[in-house]
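Before any comments, here is the structure.
The values are calculated or read from the model by the stated rules, or taken from the named source; none is laboratory data. All values reported here derive from a predicted model rather than from experimental measurement. When we count neighbours, we look across all protein chains shown, and the Cβ atoms used for this are built from the backbone with ideal geometry, even at glycine. Calculation scope for accessible area: heavy atoms of the full protein, side chains included, ligands and nucleic acids excluded. Shrake-Rupley method; radii C 1.70, N 1.55, O 1.52, S 1.80 Å.
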Amino acid sequence: MDFFTHPANVQGIPVSKFSAPGSDTDTSVVSRDSTTTRAFYSIGSVPSRIPGTRDIKGFFSFLSGLAWSFNLTSPRTYRGNLINYPDDGRRYLAFDEYVSNQLFPLPPQLGRNMEYTYEDYQMYFTLYLGYYEGKNVNFGVGPIYGLAVYRMDIIEKEQRISSVKNQLQELKGLRLLFEYNIGQYFPDTILYNAYVFLEVTSFGDLDGKGLNIKNQVTTANGLPAPSLYMNMTTYRMGVRKELQLSKEPHKKEEGPAYPPLQNLPSAGLPPKEDTKSDSENPG
């Protein structure tokens, strides 16, 4: 998870920070976090073809490669630090001091540091624009669209300076999915239709602006802070197995189970033809 802002503007021209490594004129990363691992629950569907498109021929045959799925995740909590956001904490009285602070911010060890807590749960759909379904391998890639409900607290010097709760956020992103059928090696077990999957999901606005996160932080001079944006990339791998919740319909037998028996005597009596012939020619 990365939080970043667009740099401050001076008369419409972005200010590039000379002393901040890795910053550019488009975005400025303000989070300082290492990769974290979080366990969470997710309920979703396996990729499914759009009804009626599997066997399309001709000009619209590309529709046969489309698939969709949905996901609903449990709440996940992230903690981290914001550095020099929205500024490094130095007050300014004149315009030249403001420009100087923007161009030459304090290093993170001396600048402004805040702690944040971010929590959200998400519901989104994936439209696979390209989905290959083979005998033992499935592969898909496509955009994501959905909604997230989040809350975010920001703490500075042991004081909560921003608390935003139950905000609705539009989700956009991209997903890559790869599945391999391991059930082929266990045909007579409960794993007969199990798949190992690898899923990479990147959340963020597709135009590179990121997901806008509301907050109530102000600058050192008490002015509104620039918008805070977020990008999040998740990696998931595991085993999925399809569960059958209904009983398979009974298959009707084709014809009788056993062939009919011909000229079967009843209770040991001879056939009628033999009885008649015996009566006409008594012994």
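Tabulated data for the structure shown
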{"read-out": "Efficiency of FRET from Cβ geometry, Thr117 and Ile56, R₀ 45 Å, rounded to 0.05", "value": "0.40"}
{"read-out": "Region 30-180 - share of DSSP beta bridges that are antiparallel (%, nearest 5)", "value": "100"}
{"read-out": "Difference of contour (0.36 nm per residue) and Cα-Cα distance, Leu129 to Leu147", "value": "4.5 nm"}
{"read-out": "Above-threshold pairs, the threshold being 26 Å between Cα atoms, out of Lys57/Lys172; Lys165/Lys241; Lys157/Lys209; Lys135/Lys172; Lys165/Lys209", "value": "Lys57/Lys172; Lys165/Lys241; Lys157/Lys209; Lys135/Lys172"}
{"read-out": "Additional length obtainable on full extension of the chain from Val99 to Ile161, 0.36 nm per residue less Cα span", "value": "19.8 nm"}
{"read-out": "Inter-probe distance in nm under a simple model that places probes 7 Å from Cα toward Cβ, at Gln184 and Val196", "value": "1.3"}
{"read-out": "Area accessible to solvent at Glu242, 1.4 Å probe radius, in Å²", "value": "90"}
{"read-out": "Calculated FRET efficiency for the pair Leu245/Asn212, C-beta based, R₀ 51 Å, to 0.05", "value": "0.80"}
{"read-out": "Efficiency of FRET from Cβ geometry, Phe139 and Ala225, R₀ 45 Å, rounded to 0.05", "value": "0.60"}
